[in-house]
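A.B. asks: Sending over a structure as structure tokens; questions will come in a sec.
The values are calculated or read from the model by the stated rules, or taken from the named source; none is laboratory data. All figures in this text were calculated on a predicted structure; none of them were measured in a lab. Here the Cβ is made from the backbone with ideal geometry for all residues, glycine too, and neighbour counts use every protein chain on show.
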Amino acid sequence: MKRPRFSRRIGLALALLTVSVCSVVSAQTTSAPGIDVEIYNPVDGSNSFCAVPNVAFWAHVFVRPGDENLTCDRTCGNNIPGGSASVATALIDVGFETSVLSVQNCQSNPDPTYAAVDGIPQLQNLDTGRIGWALEGDWIVDGNPSSGFNDPCVMQKLQSEGWVFRVQFTAASEGSTSLHLRSQVDPAPFALSFADICGSEAFTVSNGVIDEVVDAIVTVSWACCSYDVDPTSAAYGPLGGSGSVIVNTQGDCPWNAASNVGWATVTSGSPGMGSGTVTYDVSANSSPDPRTGTLTVAGQAFTVHQEGLGPDVFADGFESGDTSQWSATVP
């Protein structure tokens, strides 16, 4: 997934993670756009979440490796391109309020062509409100983060932008909170560290290689419920009849159904909680004119149209001249 350049910048000093995979003889850098890190909502691409209590939602952590240029000579005899566009190690730590949010799941990006597939979720600090992710020591994209170091001259690098891991949260009660990319401004220990394939670059805000860091805001409210109804309309003859409407929503979201006309009545299903079904009755139309009315179901309009008892329709509902359904009892 492509992400736009971020619109705000947070000055966070970042730690250097130094992993030496091969001795560096020389290195040169040039100034260019650096690494961007962002927590975003995969539903709408924003940095905010509107969550329903007790309903799980996913937060994605996105990394844009940047365009910093760097090359180094290694003892293995190869001149290898590095820099922030060739991230070889990454540590990312997301902070959250345990009094509001709880973690249900965590996954690395499963794309088998993307180095993030070999990342390792860090779950050991969940009770203190931290969940992390690490990419280290496995440079072949094989979905096996424990396979260890490989030949550094052919190592796989995190060199294309995309989400690297995602976390599934739930919230038990209403309120506002945040998802925070932890760094040096937070109480130790902290994370959010990157190193390049050459192993000599500290990727920090101060040297301009870490370019932007964007946290996310989470609002937990029943107002975040959304509703769909199916179908959205129905048609009846002059004799009327009955029908049903299916309501689709999240978790235990509450809803009601009511008729806005006297000739249609909600018979069951309301009030409802979570997805459910509403049933209704439509009474006979003794007028020669057709009529249209609505039911309000989970805040959505459900339209009912009914034909009138026109001049070509008998009181029993059959059209004039249609004797195929007539019957008589002879004494």
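A.B. asks: Could you list all residues from the stretch 43-70 that are among the small types (Gly, Ala, Ser) and touching a residue at least 40 places away in the same chain (Cβ under 8 Å)? Talk me through it step by step, then tell me what you get.
C.D. replies: Residues of the stretch 43-70 that are among the small types (Gly, Ala, Ser), as a first pass: 45-46, 48, 51, 56, 59, 66.
Of everything in the stretch 43-70, those that are among the small types (Gly, Ala, Ser) and touching a residue at least 40 places away in the same chain (Cβ under 8 Å) turn out to be GLY45, SER48, ALA51, ALA56, ALA59, GLY66.
A.B. asks: Just for the stretch 200-246: of the residues that are within 30 Å of VAL103 (Cα to Cα) and of a type in the set (Ser, Thr, Tyr), which one is modelled with the lowest pLDDT? Walk me through how you get there before you give the answer.
C.D. replies: At the first step, the residues of the stretch 200-246 found to be within 30 Å of VAL103 (Cα to Cα) are 203-205, 210-228.
Remaining after also requiring of a type in the set (Ser, Thr, Tyr): 204, 219, 221, 226-227.
On the way: THR204: 64, THR219: 96, SER221: 95, SER226: 95, TYR227: 96.
My answer is THR204.
A.B. asks: Here's another thing I want to ask about it. What residue, among those in the stretch 263-295 that are in contact (Cβ under 8 Å) with a residue 40 or more places away in the chain and either part of a strand (DSSP E or B) or of a type in the set (Asp, Glu) (or both), is farthest from GLY240 (Cα to Cα)?
C.D. replies: LEU295
A.B. asks: Would you mind finding the one in THR323, THR249, THR296 that is surrounded by fewer than 12 Cβ atoms within 10 Å (Cβ to Cβ) and either at pLDDT below 95 or not hydrophobic (A, V, I, L, M, F, W, C) (or both)? Explain how you work it out, then say what you get.
C.D. replies: On the way: THR249 fails: surrounded by fewer than 12 Cβ atoms within 10 Å (Cβ to Cβ); THR296 fails: surrounded by fewer than 12 Cβ atoms within 10 Å (Cβ to Cβ).
Only one candidate passes the filter, namely THR323.
A.B. asks: Exactly one condition in (1) touching a strand residue (DSSP E or B) at 6+ places or on another chain (Cβ under 6 Å); (2) of a type in the set (S, T, N, Q); (3) modelled with pLDDT under 90 is false for ASN78; which is it?
C.D. replies: Checking ASN78 against (1) touching a strand residue (DSSP E or B) at 6+ places or on another chain (Cβ under 6 Å); (2) of a type in the set (S, T, N, Q); (3) modelled with pLDDT under 90, the one that fails is (1).
A.B. asks: Same structure again: What residue, among those in the stretch 205-243 that are of a type in the set (S, T, N, Q) and surrounded by 14 or more Cβ atoms within 10 Å (Cβ to Cβ), is nearest to SER275 (Cα to Cα)? Reasoning before the result, please.
C.D. replies: To start, the set of residues in the stretch 205-243 that are of a type in the set (S, T, N, Q) comprises 206-207, 219, 221, 226, 232-233, 242.
Within this subset, residues satisfying the condition of being surrounded by 14 or more Cβ atoms within 10 Å (Cβ to Cβ) are 207, 219, 221.
Working: ASN207: 53, THR219: 22, SER221: 18 Å.
Per the stated criteria, the residue is SER221.
A.B. asks: Also: Which members of the stretch 72-99 meet the condition of being within 18 Å of ALA171 (Cα to Cα) and crowded, with 19+ Cβ neighbours inside 10 Å? Before you say what the answer is, go through the steps one by one.
C.D. replies: The initial filter retains those residues of the stretch 72-99 that are within 18 Å of ALA171 (Cα to Cα), namely 94-99.
VAL94, GLY95, PHE96, listed by residue number.
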